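Enquirer: There's a structure below that I have some questions on.
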Amino acid sequence: MKIFERNKWLLLMGATLTGISAHAQIPSNQAELPAFRKGTVAATIAKVKKMHFQPRAIDNAYSEAVWSSFMQALDINRNVFLQKDLDSLAKYKQSIDEDFNDGQTAFFDATVTIYNQRLKECNDLYKKLLANPFDYTIKESVILNRKKLPAPATLQEREDIWRKRLKYTTLSNYQELLAATGKSAEQTSRMDSALEIKAREKTRKMNDLFFKKALAANYSNELFTQYMSVAMIEIDPHTYFAGPKDDKLNQQLNKMYYGLGMELGLKDADYFVKRLLPGGAAFKSGVVKENDNILAISDDKGQMQNVSGLESTDVSNMIRGEKDTDVRLMLQQPGETARTVTVKREQVNDVENRAKSAIIEQHGKKFGYIYLPIFYMDQSGGQGNGSAADVLKEVAKLKEQEVDGMIMDLRGNGGGALDQVVKMSVAFLPGGPVSWLRSKDKIDSYAMSSCNALYEGPLTVMIDENSASASEIFAAVMQDRNRAIIVGPSSSFGKGTAQQTLNVGRMGDPALGTKDVNYGNMRLTVEKFYRVTGNATQLKGVTPDVVMQNRISFQAIMEKDYPSALAFDSVMLTSFERLSFPFNYDKIVAQARERVKQNTAFKNIENYSQQLNSLPDQPMSLAYTAFCEQYKLMNKYNKEILANRELSTPNWLNVSPALYRNLNPAFKSPMNEVSKGYSDMLERLKKDVYLAETLNILTDMVNESKK
C-alpha cells in the first residue's frame, strides 16, 4: 500500500511532523558532539545519494542554496548578523558541498560561533531599547519583510533596525490592549501612558522567551537539526531531516495525544492557522479562525509566550498537553486587533473529519454534496472504514435521494492513501487506470477492474491550493477521463511525489563493543506519480476547467513556491478510455467562465487579498496617528475579503442534512441534534460563494444533459 501525504511546514493536530529534535541520543559530552554531527551529515547524505528518486547534485549550486537558506533561517529579519559577518562566511558558499560529501561541518561550526556572539549582543540591545518609551510622534517607518534587504553594516544601523521593529511590535500590542478596554485607536488621538508601559512590557516578554532559549547551553543541537533540515529541503521540499525521536512522537503518530486539532502554516517565521480539523477542540470552540496569526501561547506555568521564530517542536509542545487542560492562545486575524482565547485540550478524534454529505436544493433541482478532507485509511486495519468506503456510502445515500447532480469537495485535502483514491473512483468510473507511480527502476499502474460506476450523473470536483497529492490524482483522473468538471483556483498544490520514512544511523557490533547509533530519521522522496495521460502532477498540479481566482488564499504556499521543487515531466503510457460528456462541454465551461468574469465577489477577494498580502513589503508608519490609519486599512482589507467570501443573506443556499430516505423516521435526527461539526459545515455551505458558482455549473450540466 502506497501512502501519500503532502509535506506541510507544520502539521499540528496535536502532533508535529517536521523539525522534530528530541535529544535522547545526542551525546551529553560536548567533546563527542563534533563526531556525532559529522556522522549525521555522512549518513544523511549517503541515504539521499542512494535512495532519492532524483537526487540533486551536491555541488556548488547546491552549496550556495544551502548557505542562503540557512542564513535566512537564522536571521529572517536581517537584524542579527552584520554585513561583515556575512562577508566572512561567504567563503563557505561553494564549499558546503565538500563538507557534505566528506561528512564535515565546517560551515555550520563557523556560522554558529558568530551567531552566538551576535545573539548575546542583541540580548543586551533589546532590553536597553525597551527600558524607556519610544517617541511615537517621529515621522518614520519600518519595513516588516526585510529578508530581501541588506544586512546592517554597523552596530548603530542594527540598533536602529531593532528599535523600529520593537516600536512596531509595541504599537501592535498597544492596539490589542486598547481594544480590551472597549476603545479603538479611532476614538483616541493620544496614547495612554499606562497602556504604553504594558505594551512595551509585553514586547519585552516576547523577546525574553526567544533569547532564554537561544542562549541556552544546548541550543546548538537545535540549530544543527535546523541546519540539516534546511539542507534536505534544498534537495526537494518534501525531503527532510529530524533529530532522534522520542516516545512522544510515536504517541502522536499513533494518535495517543491531546491537542487542539489545528493545521498550522509557517510564513516568514510566523505561525498561522491554516486549517481547523473538523471536530477538533479548536474547531468546536468557535473562537479560533482559519488564517488567525498565532502571536503567543501559554506555557506550562500559564504565562503567555511569543511563538514567532520558535521551532515547530516547541510550538507543538506548547499546544499539546493533558486531557481537559486549558491552553490560551493570542490570535490575530490580519488587519484586526489581537485577542486572547482559551481552548480545552481534547483527544484528537477524526470521527468528524470523515466524509460527509449534504443536500442542496436550487433552481428547482436537488444536488448532492460530499466533503472529504483527507484520504484516510481504516485505522482498525480492516477495509470498511477508510475514506473510500465512507464516500461510497455517502454516494449511495445521495442516489437514494435522487439527486440531479453531485459535487465532490476536495478543498484543503492534503492527500493520504493512494489506494483509497483507486477504491473511491469506483463510485464514478467504470474501471480502468487511475494513476501511475514511478520509482527509479519501474512504473506501476494503479487501476480498477472493469465495473459499473455507482453514480453516472453530472459531477463537479472542487479543489484549491491546498488540494495536494492523492486529491490531485482524483481530480486529474476525473478530468482526464471526461468524468467531471473541475473548479477552483489557477492550480492545485502541485505535489506529485511520494516519500518514505527512514532511520538514519548505524548498527553497532557487540563483538567489537560498539553501540547502535541513532542520528535521527528522515523522510525521503523515493517515487513520483503521473496522470493517466502520462503527465506528472508535480509542480503544475491540476488546472481546473473553470478557474474562479488565481489564488483563493494568498497565504497558501504551493509547490511552485519552493525553488528546490522537482521538475514537471511526462512519460509514455498505454492508451485509456475517455468517457463522453452527455452535454456540450465547451458551452458549459464558456458560460461558467463568463459568469466568473462578471462575478464582483471574486474580483474583490482577489483585489483585497493582493493589497493585504503586499503590506509587509511596504513601509509601515511608526508615528502613532499614521500607524492607526494603516492598521485600520489592514482591518478593512481583511473584512472585505471575509465579506465577499459569503453570500448575502437573500442568496443563501438551501442546505440540509443528507439522510437515508428509507430510514425509520424515529432514527432521523433533526438539525439541532446532529453533531456540531456537521451542523457547522452545513452553516458554512449555505454562505459559500465558491459553492454557489459550482452549483450554477452543475445546473447547466444537468439542463444540457436533459436536452
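The values are calculated or read from the model by the stated rules, or taken from the named source; none is laboratory data. A quick note: this is a predicted structure, and the numbers were derived from the prediction, not measured. All Cβ positions, even for glycine, are placed from backbone atoms using ideal geometry, and neighbour counts span all protein chains on display.
Enquirer: Taking ASP480, is it assigned by TED's automatic domain parsing to the domain that holds LEU698 and at pLDDT 95 or above?
Expert: yes
Enquirer: Can you say whether SER316 is modelled with pLDDT under 90, buried (at least 21 other Cβ atoms within 10 Å of the Cβ), not assigned by TED's automatic domain parsing to the domain that holds LEU685 and not aromatic (Phe, Trp, Tyr), as far as the supplied structure shows?
Expert: Against the criterion (modelled with pLDDT under 90, buried (at least 21 other Cβ atoms within 10 Å of the Cβ), not assigned by TED's automatic domain parsing to the domain that holds LEU685 and not aromatic (Phe, Trp, Tyr)), SER316 qualifies.
Yes or no, residue by residue, for (1) under 30 Å from the mean Cα position of the chain (by Cα); (2) without any contact (Cβ under 8 Å) to a residue 24 or more places away in the chain; (3) closer than 26 Å to GLY280 by Cβ:
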position: TYR371; (1), (2), (3): yes, no, yes
position: ASP409; (1), (2), (3): yes, no, yes
position: GLY416; (1), (2), (3): yes, no, yes
position: GLY432; (1), (2), (3): no, no, no
position: SER445; (1), (2), (3): yes, yes, no
position: ASN452; (1), (2), (3): no, yes, no
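Enquirer: Quick one: THR203 ticks every box in (1) surrounded by fewer than 23 Cβ atoms within 10 Å (Cβ to Cβ); (2) under 24 Å from TYR126 (Cβ atoms) except a single one, so which number is it?
Expert: Failed condition: (1).
Enquirer: Checking ASN116 against (1) crowded, with 17+ Cβ neighbours inside 10 Å; (2) under 31 Å from the mean Cα position of the chain (by Cα), which test does it fail?
Expert: Of everything listed in (1) crowded, with 17+ Cβ neighbours inside 10 Å; (2) under 31 Å from the mean Cα position of the chain (by Cα), ASN116 misses just condition (1).
Enquirer: Moving on. Among the listed residues ALA73, ALA65, identify the single one that is touching a residue at least 12 places away in the same chain (Cβ under 8 Å) and touching a Pro at 6+ places or on another chain (Cβ under 8 Å).
Expert: ALA65
Enquirer: Could you list all residues from segment 139-168 that are modelled with pLDDT of 95 or more, surrounded by fewer than 16 Cβ atoms within 10 Å (Cβ to Cβ) and of a type in the set (A, V, I, L, M, F, W, C)?
Expert: Once the filter is applied, which keeps residues that are modelled with pLDDT of 95 or more, surrounded by fewer than 16 Cβ atoms within 10 Å (Cβ to Cβ) and of a type in the set (A, V, I, L, M, F, W, C), segment 139-168 yields ALA153, LEU155.
Enquirer: Okay, next question. List the residue pairs whose Cβ atoms are under 7 Å apart, where the first residue sits in segment 550-566 and is among the aromatic types (Phe, Trp, Tyr), the second is surrounded by fewer than 18 Cβ atoms within 10 Å (Cβ to Cβ), and the two are 6 or more positions apart or on different chains.
Expert: Note: pairs meeting the criteria are PHE554/GLN610; PHE554/ASN613.
Enquirer: Which members of segment 658-688 meet the condition of being modelled with pLDDT of 90 or more, crowded, with 18+ Cβ neighbours inside 10 Å and of a type outside the set (Lys, Arg)?
Expert: Of everything in segment 658-688, those that are modelled with pLDDT of 90 or more, crowded, with 18+ Cβ neighbours inside 10 Å and of a type outside the set (Lys, Arg) turn out to be ALA658, MET681, LEU682, LEU685, ASP688.
Enquirer: Suppose we filter segment 569-593 for residues that are surrounded by fewer than 16 Cβ atoms within 10 Å (Cβ to Cβ), hydrophobic (A, V, I, L, M, F, W, C), in contact with a strand residue (DSSP E or B) (Cβ under 7 Å, 6 or more places away or on another chain) and assigned to a helix (DSSP H, G or I); how many remain?
Expert: Result for segment 569-593: 0.
Enquirer: Ok, one more. Can you tell me which residues in segment 514-555 are farther than 26 Å from VAL273 by Cα, in contact with an Asp or Glu (Cβ under 6 Å, 6 or more places away or on another chain) and outside any loop (DSSP other than H, G, I, E, B)?
Expert: THR525, ALA536
One line per residue, one yes/no per condition, for (1) surrounded by 21 or more Cβ atoms within 10 Å (Cβ to Cβ); (2) part of a loop (DSSP other than H, G, I, E, B); (3) charged (D, E, K, R):
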{"site": "PHE283", "(1), (2), (3)": "yes, no, no"}
{"site": "ASN291", "(1), (2), (3)": "no, yes, no"}
{"site": "ILE297", "(1), (2), (3)": "yes, no, no"}
{"site": "ASP300", "(1), (2), (3)": "no, yes, yes"}
{"site": "SER308", "(1), (2), (3)": "no, yes, no"}
{"site": "GLU322", "(1), (2), (3)": "no, yes, yes"}
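Enquirer: Out of the residues in segment 488-513 that are within 16 Å of PHE568 (Cα to Cα) and part of a strand (DSSP E or B), which is modelled with the lowest pLDDT?
Expert: Within segment 488-513, the match that is modelled with the lowest pLDDT is ALA498.
Enquirer: Given the criteria more than 12 Å from THR111 (Cα to Cα) and part of a helix (DSSP H, G or I), does ALA61 qualify?
Expert: Yes.
Enquirer: Which of the residues that make up segment 529-542 are more than 12 Å from ASP480 (Cβ to Cβ) and within 21 Å of the chain's Cα centre (by Cα)?
Expert: Listed by number, the residues that qualify are GLN538, LEU539, LYS540, GLY541.
Enquirer: Now a separate question. Restricting attention to segment 270-279, report how many residues are outside any strand (DSSP E or B) and either in contact with a Leu (Cβ under 6 Å, 6 or more places away or on another chain) or among the β-branched types (Val, Ile, Thr) (or both).
Expert: Matching residues across segment 270-279 total 0.
Enquirer: Return yes when GLU222 is without any contact (Cβ under 8 Å) to a residue 24 or more places away in the chain, under 30 Å from SER63 (Cβ atoms), of a type outside the set (A, V, I, L, M, F, W, C) and in a helix (DSSP H, G or I) and no when it is not.
Expert: No: the conditions fail for GLU222.
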